[in-house]
Every structure is written in structure tokens, then in C-alpha cells.
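K.L.:
Here it is, the structure, as C-alpha cells.
The values are calculated or read from the model by the stated rules, or taken from the named source; none is laboratory data. Note that the structure is a prediction, hence the values are computed from the model and not measured. FYI the Cβ positions are ideal-geometry reconstructions off the backbone, even for glycines, and counts take in every protein chain you see.
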Amino acid sequence: MKKSTREIIKLLICIECLAVFYCCAGIFDISMVNRIDRRTDAMTVALVENTLDPAPMVSKGVEAYEEEQRRIEEENRWKGPYLSKGRGVVYGPSGKETYYNLNMSGVVNIMRSMGYTDEYWVREDGCKMLGDYIMVAANFNLRPRGTIVETSLGKGIVCDTGGFAKKNPYQLDLAVTW
């Protein structure tokens, strides 16, 4: 591991420690600490497992660096069945996936109250998005709000839950317009 990567990981650990301290002091609540933990965990995994060192690419130019990033993304893209209106149910990279189409304004408001400011929009294929992520319902005990999950249609963010979560706690329900 490079020195700069180690320094970033140390910084992430310091951020988590500060969050716990502020929680104990009553400045943050536990949900804020959990959100910081999830984000720093994700950043650490990305740094350790998927770090793309731009230094060797500098001499080849920005295009070579961006091409390498695209290659890595393609290599890690889901290659199994995709959820669709016609399929209704698939077993994707994180388990069973279904879909639902409800008004998301209340869910978006909850996410806003938690500090998520990303734009709500509908992707061309009908997926309801919060920023770069498909809005997903999941079991909050396993995947709290804000958790990033892999789906057959791309990365999702847990924003909602439903009755399905008791019957199948690992199931994901993707928000769509179908």
C-alpha cells in the first residue's frame, strides 16, 4: 500500500473516532455516526481494493487514465440477469430483487432530513434515482438508510423499506416507473 493511501486511511479512522466522540458528547446522534461509519468503510474498501494509481498513466495522458477507469468499471459490472417489468423478479448481485412504483416524495424528504442533497430524478430506463444511485427499499436492520448496494441495474442507495423485509430480509425492492 502506498504512503498516501495509508495516510488517507488514517484520516478516515480519525474521522470515525471524532464522530464517536461527538456522539458521546451529544453533538451527533447514533444515526450520524452510523452514516459516517458506512461512508468511511466504503471509502476504505475503494481505496484498498480498487485504487487506480494515476501516476503511471500521467505520461500517457488523461485519455489513457479515463480508459483504464472505464475498463475497471466494465470488469466489475453485473453480468447476470437484469430486473425488468417483464421479469418481475431476478436474483442479482445482492440477492432477490423486485420492483415497486410509488410516489417517492416522502422518501426523498426523509433522505433530505438525513443530509442527502442529491437530485431526485428518473433515469431513461425508468429507475428512480437519488443522485447517481437507484432508490432501493431494503430491511433496515441489515441495510440502514444510506447503505450503498449493488443491484442488477447499477448501484443503489437504501432509502425505504417494506413489508417484504420481514419475509425475506435480504430482498431489495427497486423504485421504478414501470
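K.L.:
Can you give me the ranges of the strands (runs of 3 or more DSSP E) entirely in the range 90-178 with at least 1 residues that are in contact with a Leu (Cβ under 7 Å, 6 or more places away or on another chain)?
P.N.:
The strands (runs of 3 or more DSSP E) meeting that bar are 90-92, 95-100, 120-122, 133-137, 148-151, 154-160, 172-175.
K.L.:
Right, here's the next one. Looking at the range 81-127, which of its residues are surrounded by 14 or more Cβ atoms within 10 Å (Cβ to Cβ) and among the polar types (S, T, N, Q)?
P.N.:
SER84, SER94, THR98
K.L.:
Now for a different question. Filter the range 77-95 down to the residues that are more than 22 Å from GLU124 (Cβ to Cβ) and either touching a Gly at 6+ places or on another chain (Cβ under 9 Å) or of a type in the set (S, T, N, Q) (or both) and list them by number.
P.N.:
Within the range 77-95, TYR91, SER94 meet the criteria.
K.L.:
Also, quick follow-up: Among the residues of the range 158-178, what is the count of those that are in contact (Cβ under 8 Å) with a residue 40 or more places away in the chain and not polar (S, T, N, Q)?
P.N.:
Residues flagged as in contact (Cβ under 8 Å) with a residue 40 or more places away in the chain and not polar (S, T, N, Q) within the range 158-178 amount to 11.
K.L.:
Keeping to the range 97-120, report how many residues are over 11 Å from THR177 (Cβ atoms) and either touching a helix residue (DSSP H, G or I) at 6+ places or on another chain (Cβ under 6 Å) or aromatic (Phe, Trp, Tyr) (or both).
P.N.:
Adding up the residues that qualify gives 2.
K.L.:
Suppose we filter TYR82, TYR91 for residues that are aromatic (Phe, Trp, Tyr) and free of Cβ contacts under 8 Å to residues at least 60 places away in the same chain; which single one remains?
P.N.:
Result: TYR91 is the single residue among TYR82, TYR91 that is aromatic (Phe, Trp, Tyr) and free of Cβ contacts under 8 Å to residues at least 60 places away in the same chain.
K.L.:
Let me confirm something: among LYS128, LYS155, which residue is basic (Lys, Arg) and in contact with a Ser or Thr (Cβ under 8 Å, 6 or more places away or on another chain)?
P.N.:
LYS128
K.L.:
Could you tell me which of the residues VAL58, VAL122, VAL48 is farther than 19 Å from GLN171 by Cα, more than 15 Å from the chain's Cα centre (by Cα) and at pLDDT 95 or above?
P.N.:
None of the other options fit; the residue is VAL122.
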